[in-house]
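The structure appears below as structure tokens.
The values are calculated or read from the model by the stated rules, or taken from the named source; none is laboratory data. From a predicted model like this one, the values you see are computed outputs, not experimental measurements. Note: ideal-geometry Cβ built from the backbone for every residue, glycine included; neighbour counts use all protein chains shown.
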Amino acid sequence: MRIAVYPGGFHPVTNGHLDVLRRATHVFDRVVIAVLANPRKTPLLDAETRVAVIRAALEGEGELAAPVDVDTFEGLTVDYCHRLGAAFLVRGLRAIGDFDTELQLAHNNQQLAPDVDTVFFMTSLQHSYISSSLVKEIAQFGGDVSSMIPTAAAEAIGSQLLGRYRSPDRPRSG
């Protein structure tokens with residue numbers, strides 16, 4: 001069985017991530033979306049929320065070619081791969097800048113675990129401008145990100161931002 005791990009922060013998951021995932025399910029027998037729970041970072045959405053958002057987004061995806069699981073992990077990605085028996089890492093590329101960074105990561109992972117190969121998927125042109133960082137920034141300034149991320153992610157970010165910017169003495173509306 002060809003098992004692949006698709007690791008990342010996914011804060012938030014974007015339509016570009018889902019595009020890469022869709023295509024990866026046609027290549028691998030099982031794909032595990034591995035949400036990094038990095039204790040050194042404070043993301044807008046905690047790891048458990050990101051997992052729930054991804055699962056909700058997958059419900060709207062319909063039939064994927066291979067089974068997809070969603071999990072969290074800490075530590076080295078290649079160690080997580082070994083725990084699962086995964087021989088492949090899935091990574092998405094949008095532009096040349098991504099390639100430089102991803103190539104360096106792939107080489108480091110190859111050094112740490114020669115038995116785990118990295119497979120790159122180019123994000124479709126329609127999603128090539130989307131990044132999680134950009135989505136968060138646009139959302140924080142009140143911009144509409146609904147065309148860039150699944151509905152579940154938009155709702156989670158909106159709820160989180162509303163909670164951050166609501167003053168303690170201001171009643172909730174709606």
* Can you pull out the residues in region 29-81 that are within 12 Å of the chain's Cα centre (by Cα) and charged (D, E, K, R)? -> R50, R55, D71
* Considering only region 54-85, how many residues are more than 15 Å from A152 (Cβ to Cβ), touching a Phe, Trp or Tyr at 6+ places or on another chain (Cβ under 8 Å) and among the aliphatic types (A, V, I, L, M)? -> 1
* Is one or more of the residues making up region 121-143 of a type in the set (A, V, I, L, M), modelled with pLDDT of 90 or more, surrounded by 12 or more Cβ atoms within 10 Å (Cβ to Cβ) and in contact with a strand residue (DSSP E or B) (Cβ under 8 Å, 6 or more places away or on another chain)? -> yes
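Report yes if some residue within region 30-44 is among the hydroxyl-bearing types (S, T, Y) and within 17 Å of K136 (Cα to Cα); otherwise report no.
Taking region 30-44 first, the residues among the hydroxyl-bearing types (S, T, Y) are 42.
Now drop any that are not within 17 Å of K136 (Cα to Cα), which leaves 42.
Yes, the conditions are met somewhere in region 30-44.
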